[in-house]
């Protein structure tokens, strides 16, 4: 069936069908040509909660709700008569800043809204759109649900993993990519659909994958090689290092370094204590 699929006329593979308006650029279709700069403190309270939160620029160790983000958090909370209503927007803000939501971020959000950490954790872990661990610069989600699967999604997924040089759910060595499967991206008319951070690529085939990753590498902030290679593997200094991130419409410039997942196993429950063999139990031990 994949061999019979044809590309939709006029759609170069992004953000929906352009139809006969093939003269529209990607910036025109996405609206980035006129949306303007997005200040980190937000504008009016009504719009402060509606910004994208899976951005290229992020800092896993950044402080939450400080500086301009303090102002934005207050604007978000002012929109809701009950603090609980601001939970999802504040989780969005935390992920925008850090790129993921770990246990510490959940506790900070809980404290901010006077909610129990358990409640916040239950909400954050319910939604797959919240990353529970660092994801690299680009989080690539390949839809493998029915429509995309019938059109070769498994092959597209394999192509992304092979080209990125990483296993599913792992950050690539250079910190650029994490590739995972998505259950459905809501773009069934354009299989195979792939979401990269906040944007969609549509009608993706395995042959398209190298060009997509090359484009993402080109758009990625320039990495400056550290003088001594301190903190990096000996063979990593040629392609990794601090990232000079320019001012972004949603976050001030800051340096971000590629890193492995520092939270791996943090939430794993300790192994249960082994029950003693029956022969070692006292004869008077009760039975439930």
Looking only at residues in the range 13-27 that are over 24 Å from the mean Cα position of the chain (by Cα), modelled with pLDDT of 65 or more and surrounded by 10 or more Cβ atoms within 10 Å (Cβ to Cβ), which one is nearest to residue 215 (Cα to Cα)?
25
Taking the range 203-223 and the residues there that are outside any helix (DSSP H, G or I) and closer than 17 Å to residue 137 by Cβ, the one that is modelled with the highest pLDDT would be 220
Go through the range 155-190 and give me each residue that's part of a helix (DSSP H, G or I), in contact with a strand residue (DSSP E or B) (Cβ under 9 Å, 6 or more places away or on another chain) and without any contact (Cβ under 8 Å) to a residue 40 or more places away in the chain.
157, 161
Is one or more of the residues making up the range 67-87 in contact with a strand residue (DSSP E or B) (Cβ under 9 Å, 6 or more places away or on another chain) and not in a helix (DSSP H, G or I)?
no
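The values are calculated or read from the model by the stated rules, or taken from the named source; none is laboratory data. In this text, all values refer to a predicted model and were calculated from it rather than measured experimentally. Cβ sites come from the backbone with ideal geometry, for glycine too, and all protein chains shown count toward neighbours.
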